[in-house]
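The values are calculated or read from the model by the stated rules, or taken from the named source; none is laboratory data. Here the structure is a predicted model, which means the values were calculated and not measured. Every residue, glycine as well, gets a Cβ built from its backbone with ideal geometry; the counts of neighbours run over all protein chains shown. These area figures cover heavy atoms from the full protein model, side chains too; ligands, DNA and RNA do not enter into them. Shrake-Rupley method; radii C 1.70, N 1.55, O 1.52, S 1.80 Å.
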Amino acid sequence: MRALVTGGAGFIGSHLVDRLVARGDEVVVVDDLSSGVIGFIQDHIDSGNIIFHQVDITDIESLKPTMTGVDMVFHLAANPDIRLGTRVTDTDLRQGTIATYNLLEIPAIRKPEVRLYATGIIRISRHPQAIGQILWCFSHGLWIGSSFMLVTCLGLIFHHLFAVWHGDRRLKAKFGDGFEELRRTTSVFPFLAVIDGRQKLQWNEFLRPSQLGICIAVGVFWWSHRFISDASEAFLSFHLPELLR
């Protein structure tokens with residue numbers, strides 16, 4: 001991944017640069033050195049680990065070339081001197097609002113390309129959202145069991161099956177052989193590509209704080225399902241007109 005770090009020669013920015021380099025990212029640092037210290041990142045510059053541009057990010061034309069091929073942006077450039085903002089009153093406007101606008105405007109103008117990824121959850125299923133929604137339909141259809149719920153779930157299932165087919169069709173049209181290679185090494189049905197050896201799970205892609213938080217949230221929601229009926233009955237037992245008086 002190619003990462004752009006604005007304010008990368010500052011105290012916080014340079015520590016982020018250290019982390020990105022350590023994990024193997026291609027790093028581009030943009031800093032006008034008005035408050036940054038080149039010595040914080042000099043070792044990375046000398047070793048060729050990063051590309052450094054001394055650029056004022058309030059100048060959109062100077063900023064544009066630095067964003068070529070960038071996959072992600074860490075925007076840390078800002079005015080660290082409160083006293084300067086009181087003397088030069090447009091400092092925070094330029095270095096905060098206008099600089100951020102430039103960083104958002106350039107990708108919008110260039111219309112970045114959609115990319116294909118074959119890591120993380122894609123190793124398990126090429127269409128994880130559709131699979132999750134289909135499983136939701138099955139579980140709620142069995143749980144509630146009403147005719148309305150069954151009809152609704154069938155409609156949602158066919159909707160997501162169509163999305164899987166049409167999504168693959170559009171990706172094939174856009175990426176051609178690149179998507180065919182992805183389709184060859186992945187599966188729609190969960191874990192099928194892992195079972196037949198086309199994929200191998202990389203646990204470091206899953207054992208992250210964000211995924212742990214999702215697992216905890218799902219567990220809490222699953223545990224709280226037992227209280228839905230009691231909560232519904234308690235709500236319906238209220239005399240709403242009296243409650244609103």
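Structure values in brief
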{"read-out": "Exposed chymotrypsin sites (Phe, Trp or Tyr not before Pro) absent: longest stretch of the chain, with sites in DSSP loops and at most 10 other Cβ within 10 Å deemed exposed", "value": "118-237"}
{"read-out": "Accessible-area composition of segment 68-227, carbon plus sulfur, in percent [1.4 Å probe]", "value": "68"}
{"read-out": "Per residue value of the accessible surface for the chain (all protein chains in place, 1.4 Å probe), Å²", "value": "68"}
{"read-out": "For the chain, calculated [θ]222 nm from helices alone, where every DSSP H run of n ≥ 4 adds -39500 (n - 2.57)", "value": "-16000 deg cm²/dmol"}
{"read-out": "Surface accessible to a 1.4 Å probe, HIS15 within the full protein complex, Å²", "value": "100"}
{"read-out": "The chain: antiparallel DSSP beta bridges as a percent of all, rounded to 5", "value": "0"}
{"read-out": "Where trypsin sites (Lys or Arg not before Pro) fall in DSSP loop in segment 1-51, at most 10 other Cβ within 10 Å", "value": "ARG23"}
{"read-out": "Net lengthening on full extension, VAL194/ALA231 (0.36 nm per residue, minus Cα-Cα)", "value": "9.2 nm"}
{"read-out": "Packing rank of 192-198, 119-125, where each peptide gets the mean count of other beta carbons within 10 Å, highest leading", "value": "119-125, 192-198"}
{"read-out": "Computed FRET value (nearest 0.05) for ARG208 with ARG87, which takes r as the C-beta separation and R₀ as 35 Å", "value": "0.20"}
{"read-out": "List LYS64, LYS174, ordered by accessible area with a 1.4 Å probe, largest first", "value": "LYS174, LYS64"}
{"read-out": "All aspartates and glutamates inside 12 Å of LYS174 as judged from Cα atoms, apart from same-chain residues fewer than 8 positions distant", "value": "GLU113"}
{"read-out": "Area of SER224 that stays accessible when all protein chains are in place (1.4 Å probe, Å², to 10)", "value": "40"}
